[in-house]
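Trainee: Have a look at this one.
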Amino acid sequence: MAHHLAIAAATTFLMSPYKPILFGIVLAFWARAAGQIDQDLADNHLKQKLWNTVHLAAAFVAFGLWLVIPYFWLGLPVAMLILAGTLVVYILYRNPKVHETQRWTLASIGSFAKGFAGDRVARHDAKAQKHQAVRLFGPDGKPGHAPEPDSPQADAQAAMEEMFVFAAERHAQRIELLVEPTQTAVNILVDGVKYAQKNLEAKLGLGVVDFLKANAGMDVADRRKRQTGNLHIEIPPHPKRVVPLVTSGSTRGVNLTVIFDRGPEKVTPLDDLGLLEVQKQCLIKGLDAQNRVVIVSAPSMQGLTTTLYSLISRHDPYTSSVVSLEEDSPFDLEGVKHTKVDASLDAAAFNQKLKSMVLQDPQVLYLGKIPDPQTVKQVVDSAANIRFYVGLRQEDTFAALKGWIKAVGDPKAAADSLTVIVAQRLVRRLCMHCRLAYKPDPEVLRKLNLTASKVTTLYKQSGQVLVKDKAEPCPQCMGLGFRGRLPVFEVMVLDDEARALVAAGQFEQLRASLRKQKMLWMQEAALARAVEGVTTVNEILRAMSKEEAPKPKEKA
């Protein structure tokens, strides 16, 4: 009986014009997914042979049942359920074994499915680009013009692809080109560190600049004027993205910056910001105090805006008036009234806008910049009634404090206006896939004020993994040893005693008073992260200074 049913099912299947097509689509999708899983198993050094056998067996059962079950539309969900169930089991197996940033979610699976469908369209509409490592598109989504082989544009595209693939694989922030008369310097910024690439010939470098400008709809002929544009690209297996370009010319040469990563896309909650627990508790105590000025201080490109917005997001805009005055709003906070000003606006006009906003009696006001002393005077005069958030470009909390005193011009007024100063720096995060443990030298620990009996193990970057007893670049960090960055903080909370010491200019006594309140200096907070194993001592020394840090001695 079962034999006759199988024959009937197969006959019905073959007689249908659309059922074989649907069967083929599902089979093709499974084959693509199986290939992706096979690569994932290899990249993460999981049980590749075992899981390939499991997926093949599941597919054999699923597609076999689909053909055997007499009713095609009943066999389809049965097959899909088996295939999906196998995938879910694999995800439950792999996620605990990989770093949290590499775990698969519903969103990443959906992105894969969307990418699969997009590949089918690309094969049909962009045959000329199907073998290119970087695919260019116009603003309308149509494929860009593919250069003819052996043309200068083809050489430019090949050079561009090498840079872009390197940047995409390592989650770079930006690519920088400087075309000089004799050569083109290429630097790729990854996690705040510049990686110099092989220099290009000047002619080829200029060709790359012109090629990118043309695809971004910019004026290729004008190489002097500052121009901005957007490049629409796809670097498989990554989804399509829009990357801004900035070009300009000078007596030195032509500059091109490709901004690969514009930072976080949403506000980071305070709990996820990266503060040590003791720092977070002190900060919350200071933030809960009424009004006055909160200063966040960091060098350029060290996460200052991200932290400012994290602090602002603690205020409920529906129970208190929260406003901002800034040139650009990287995050759109619901309920916050963002007032944007043009970068060319002079200080007098800026201060007039600030005065108008202060007269509206907001509870919270964020200032994107401090253009002149008159701005500072307005802030100090209103700090008793308004909570201000201000960003400064200083190295630490004491540098920010002294900078604020200088801007105000009156130590007592400056002290009375302040409640909290937060300073921060970004350090690279160790790749958890390839980091190496070592026993630190007690003498080095002593110099870092760490106790040898408590710190028996530290970690360093490797960038390599063993595959069949052979060292190969780590597939997670692409051989760099680091992947991503984390902030380290210094939190200064000013109470009445601290403000009195500031007003008197007694900074050494202020340090002692803050120490009694368990304030940690930035290097101490950073070293705590090294002890946790998420960064290295050498990376902390590099991030805390602008010079190359010496390597600490290690013991095997």
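The values are calculated or read from the model by the stated rules, or taken from the named source; none is laboratory data. The structure displayed is predicted, hence computed values, not measured ones. Positions of Cβ are backbone-derived with ideal geometry, glycine not excepted, and every protein chain shown enters the neighbour counts.
Trainee: Looking at the stretch 285-309, which of its residues are closer than 23 Å to HIS338 by Cβ and either part of a helix (DSSP H, G or I) or among the acidic types (Asp, Glu) (or both)?
Mentor: Hits for the stretch 285-309 are LEU287, LEU304, THR305, THR306, THR307, LEU308, TYR309.
Trainee: Still on this model: Would you say GLN281 is at negative phi, free of Cβ contacts under 8 Å to residues at least 40 places away in the same chain and crowded, with 17+ Cβ neighbours inside 10 Å?
Mentor: no
Trainee: Still on this structure: Would you say SER382 is at negative phi, crowded, with 23+ Cβ neighbours inside 10 Å and in the same structural domain as SER300 (by TED's automatic domain parsing)?
Mentor: no
Trainee: Select, from GLU201, GLU234, the only residue that is more than 30 Å from GLU539 (Cβ to Cβ) and within 27 Å of the chain's Cα centre (by Cα).
Mentor: It is GLU234.
Trainee: So LEU392 fits all but one of (1) of a type in the set (A, V, I, L, M, F, W, C); (2) under 21 Å from LEU276 (Cα atoms); (3) in contact with a Gly (Cβ under 9 Å, 6 or more places away or on another chain); what number is the exception?
Mentor: (2)
Yes or no, residue by residue, for (1) crowded, with 17+ Cβ neighbours inside 10 Å; (2) out of contact with any Gly (no Cβ under 8 Å at 6 or more places or on another chain); (3) outside the structural domain of ASP441 (by TED's automatic domain parsing); (4) over 26 Å from THR419 (Cβ atoms):
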{"residue": "SER453", "(1), (2), (3), (4)": "no, yes, no, yes"}
{"residue": "LEU458", "(1), (2), (3), (4)": "yes, no, no, yes"}
{"residue": "VAL465", "(1), (2), (3), (4)": "yes, yes, no, yes"}
{"residue": "CYS474", "(1), (2), (3), (4)": "yes, no, no, yes"}
{"residue": "ARG485", "(1), (2), (3), (4)": "yes, no, yes, yes"}
{"residue": "ARG499", "(1), (2), (3), (4)": "yes, yes, yes, no"}
{"residue": "GLY505", "(1), (2), (3), (4)": "no, yes, yes, no"}
{"residue": "LEU510", "(1), (2), (3), (4)": "yes, yes, yes, no"}
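Trainee: Further, regarding this structure: Is there a residue being at pLDDT below 80, surrounded by 16 or more Cβ atoms within 10 Å (Cβ to Cβ), assigned to a helix (DSSP H, G or I) and in contact with a strand residue (DSSP E or B) (Cβ under 8 Å, 6 or more places away or on another chain) anywhere in the stretch 115-132?
Mentor: There is at least one residue in the stretch 115-132 that is at pLDDT below 80, surrounded by 16 or more Cβ atoms within 10 Å (Cβ to Cβ), assigned to a helix (DSSP H, G or I) and in contact with a strand residue (DSSP E or B) (Cβ under 8 Å, 6 or more places away or on another chain).
Trainee: Has the stretch 234-255 got at least one residue that is touching a residue at least 60 places away in the same chain (Cβ under 8 Å), surrounded by fewer than 20 Cβ atoms within 10 Å (Cβ to Cβ), among the polar types (S, T, N, Q) and farther than 30 Å from ARG32 by Cβ?
Mentor: For the stretch 234-255, residues touching a residue at least 60 places away in the same chain (Cβ under 8 Å), surrounded by fewer than 20 Cβ atoms within 10 Å (Cβ to Cβ), among the polar types (S, T, N, Q) and farther than 30 Å from ARG32 by Cβ: present.
Trainee: Which condition from (1) farther than 21 Å from PRO475 by Cα; (2) of a type in the set (A, V, I, L, M); (3) at pLDDT below 75 is the one that ALA42 breaks?
Mentor: Exception for ALA42: condition (1).
Trainee: Continuing with the same structure: Taking the criterion of being crowded, with 16+ Cβ neighbours inside 10 Å, in the same structural domain as LEU136 (by TED's automatic domain parsing) and within 30 Å of LEU426 (Cα to Cα), would at least one residue in the stretch 204-218 satisfy it?
Mentor: Taking every residue of the stretch 204-218 in turn, none turns out to be crowded, with 16+ Cβ neighbours inside 10 Å, in the same structural domain as LEU136 (by TED's automatic domain parsing) and within 30 Å of LEU426 (Cα to Cα).
Yes/no matrix, rows are residues, columns are (1) out of contact with any Gly (no Cβ under 6 Å at 6 or more places or on another chain); (2) under 30 Å from ARG314 (Cα atoms); (3) part of a strand (DSSP E or B):
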position: ASP219; (1), (2), (3): yes, no, no
position: ASP222; (1), (2), (3): yes, no, no
position: LEU231; (1), (2), (3): yes, no, yes
position: LEU245; (1), (2), (3): no, no, yes
position: THR268; (1), (2), (3): yes, yes, no
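Trainee: Now, a different point. Failed condition for LEU245, given (1) within 27 Å of CYS474 (Cα to Cα); (2) at pLDDT 95 or above; (3) not aromatic (Phe, Trp, Tyr), with all others met?
Mentor: Condition (1) is where LEU245 drops out.
Trainee: When the residues of the stretch 535-546 are narrowed to those that are under 11 Å from LEU458 (Cβ atoms) and in a loop (DSSP other than H, G, I, E, B), which ends up nearest to the chain's Cα centre (by Cα)?
Mentor: Here the answer is THR535.
Trainee: Looking at (1) farther than 21 Å from SER324 by Cα; (2) surrounded by fewer than 21 Cβ atoms within 10 Å (Cβ to Cβ); (3) not aromatic (Phe, Trp, Tyr), which one does GLN424 not meet, given that it meets all the others?
Mentor: With respect to (1) farther than 21 Å from SER324 by Cα; (2) surrounded by fewer than 21 Cβ atoms within 10 Å (Cβ to Cβ); (3) not aromatic (Phe, Trp, Tyr), GLN424 is out only on (2).
Trainee: Mind telling me which of the residues GLU508, GLU547, GLU532 ends up being under 30 Å from GLY403 (Cβ atoms), modelled with pLDDT of 95 or more and of a type in the set (Asp, Glu)?
Mentor: One residue alone meets the criteria, GLU508.
Trainee: Could you go through the stretch 175-198 and let me know if any residue there is within 30 Å of ILE540 (Cα to Cα), over 21 Å from the mean Cα position of the chain (by Cα), in the same structural domain as VAL242 (by TED's automatic domain parsing) and part of a loop (DSSP other than H, G, I, E, B).
Mentor: Yes, some residue in the stretch 175-198 is within 30 Å of ILE540 (Cα to Cα), over 21 Å from the mean Cα position of the chain (by Cα), in the same structural domain as VAL242 (by TED's automatic domain parsing) and part of a loop (DSSP other than H, G, I, E, B).
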